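These notes are about the structure you will find just below.
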């Protein structure tokens, strides 16, 4: 199974952009890249996903490397409410949607 | 309101006493899954189900059973709980398609302590 690797923690200042990296060097052609985040004492919540092209939504942007071996979640203006653990996940369409969680990056946001 | 519910939210039990954690979703989702979360290990998938009567093992299925008799429910069964199953458990659901791009909705979690 393909795995993901993320930094354990990152810090950001409020209202500054944040780039959260994820390595997935053994990704297969059918793996979608998903990002979820988990706020304290809550279940994970969906942030964004993509396959090959960069993606934008109201929460964040996802930049995917051309070889798909890495990706970056971009929060354009961090707020205190963005402090959470961010998970980079591969979802394999050929294995019934099995999810493979990374260790997650704990993002702290300083005022 | 579209949601995934889990019961109980908190449970303290003793080794060997069978228990069931229920999970229910009201979104008519085909795909449901159980995860456990432990400090330093992130979330690990226990079992998942692609539809009624279709279940498969995730990464850490030992000591757990599941069933999917109805689309909306996906209970997690611990036949003989042990202390190493003390953990925070999450249920999740999503529409299923082979392209696997669907958002998963997570429940609020069940904190289980096995003494």
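We did not get these values from a lab; they are worked out from the coordinates using the rules stated. Only a predicted model underlies this, so the values are computations on that prediction, with no experimental measurement involved. With ideal geometry, Cβ positions are generated from the backbone for all residues, glycine too; neighbour counts draw on all protein chains shown.
Calculated translational diffusion coefficient of the protein assembly as shown (25 °C, 0.890 mPa s; Stokes-Einstein with Kirkwood radius over alpha-carbon pairs) equals 137 µm²/s. With contacts taken as Cα pairs under 8 Å and at least 6 residues apart, chain B reaches a relative contact order of 35 percent.
Taking a spot 7 Å from the Cα of residue A:26 along the direction of its beta carbon, which residues of region A:59-74 have an amide N less than 16 Å from it? Under 16 Å, as judged by backbone N against the label point of residue A:26, lie A:69-70 of region A:59-74.
Cβ-Cβ distance of residue B:38 and residue B:70, R₀ of 41 Å, FRET efficiency by 1/(1 + (r/R0)^6): the value works out to about 0.90. Taking other C-beta atoms within 10 Å as the exposure proxy, B:74, B:90 rank B:90, B:74 from fewest upward. Taking every alpha-carbon pair under 8 Å whose residues sit at least 6 apart, region B:39-103 reaches a relative contact order of 20 percent.
Take every pair of alpha-carbon atoms less than 8 Å apart whose residues are at least six positions apart; their mean separation over the length of chain A yields a relative contact order of 37 percent.
The shape of region B:49-101 can be summarised by an equivalent ellipsoid whose semi-axes, obtained from the alpha carbon gyration tensor, come to 23, 13, 10 Å from longest to shortest. A compact globular protein would have a Cα radius of gyration near 2.2 N^0.38 Å; the ratio found for chain A is 1.01. Exposure proxy for B:76, B:11: other Cβ atoms within 10 Å of each Cβ, ordered fewest to most, give B:11, B:76. In terms of other Cβ atoms within 10 Å, B:12, A:74, A:27 run from fewest to most in the order B:12, A:74, A:27. Distance between the pseudo-spin-label points of residue B:51 and residue A:79 (7 Å out from Cα toward the beta carbon): 4.0 nm. Compactness of chain B was expressed as the Cα radius of gyration divided by 2.2 N^0.38 Å, which yields 1.01.
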